[in-house]
Amino acid sequence: MSHPNAELIQRFYSAFQRLDAESMAGCYAADVHFSDPVFTDLRGAQAGDMWRMLCSRAEGFSLTFDGVEADEHGGRARWVASYCFSATGRQVVNRIQARFVFRDGLIVEHHDHFDLWRWSRQALGLKGLLLGWAAPVQAAIRRQAARGLEQFRASR
């Protein structure tokens, strides 16, 4: 029998497979902290809104996950998202390692790790290949993503 927090992770990614951002957000504590190489510091409702934005814009999306492990304090999983990056129309396959911290049956910390240069090569093509490793380009990717999330949140 798996730990309830492992079941929570499975519920989170099963909802993601269905692009059900509301169910995903429901797995988070109100004060959740989310970070990944693009969205480096989201707190509380920002994290759920990021998933709402991404799910609402998903094109050609599929997701697989495995390696789910959890105990009362923390957990991890591996997941792969395949989708069309809408800004360029390019196909992306992003391989992610996730780490979680739990409190009271909810996710209170969620940290995703992936290679941003690898992502930029796929999403941005030649520009990503040649410049995606550079700090200024990665900072520009982060700024654009933050602006997109800010606009999404303002329109709700």
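Summary of computed values
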quantity: From the options Ser86, Ser35, residue that is open to solvent by 30 Å² or more (accessible area, probe 1.4 Å) and either hydroxyl-bearing (Ser, Thr, Tyr) or within 17 Å of Gln151 (Cα to Cα) (or both); calculated: Ser86
quantity: Which listed residue is in contact (Cβ under 8 Å) with a residue 60 or more places away in the chain and closer than 21 Å to Pro4 by Cα, from Asp66, Asp49, Asp104; calculated: Asp104
quantity: Boolean, Ser86 is of a type in the set (Gly, Ala, Ser) and touching a residue at least 24 places away in the same chain (Cβ under 8 Å); calculated: yes
quantity: Qualifying positions in the stretch 26-47 - under 11 Å from His110 (Cβ atoms) and touching a helix residue (DSSP H, G or I) at 6+ places or on another chain (Cβ under 8 Å); calculated: Cys27, Tyr28, Val32, His33, Phe34, Phe39, Leu42, Ala47
quantity: Residue count for the stretch 143-156, restricted to those that are exposed (fewer than 15 other Cβ atoms within 10 Å of the Cβ) and at pLDDT 90 or above; calculated: 8
quantity: Every pair of residues 6+ apart whose Cβ atoms lie under 6 Å, when the first sits in the stretch 112-125 and is under 17 Å from Thr40 (Cα atoms) while the second is open to solvent by 50 Å² or more (accessible area, probe 1.4 Å); calculated: His113/Gln97; Trp117/Trp133
quantity: Set Ala134, Ala123: member being open to solvent by less than 40 Å² (accessible area, probe 1.4 Å), more than 18 Å from the chain's Cα centre (by Cα) and over 30 Å from Ala29 (Cβ atoms); calculated: Ala134
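The values are calculated or read from the model by the stated rules, or taken from the named source; none is laboratory data. As the structure is a prediction and not an experimental result, all values here were calculated from the model. We place every Cβ from the backbone using ideal geometry, glycine too, and count neighbours over all the protein chains shown. Side chains included, ligands, DNA and RNA excluded: accessible areas come from the protein's heavy atoms. Shrake-Rupley method; radii C 1.70, N 1.55, O 1.52, S 1.80 Å.
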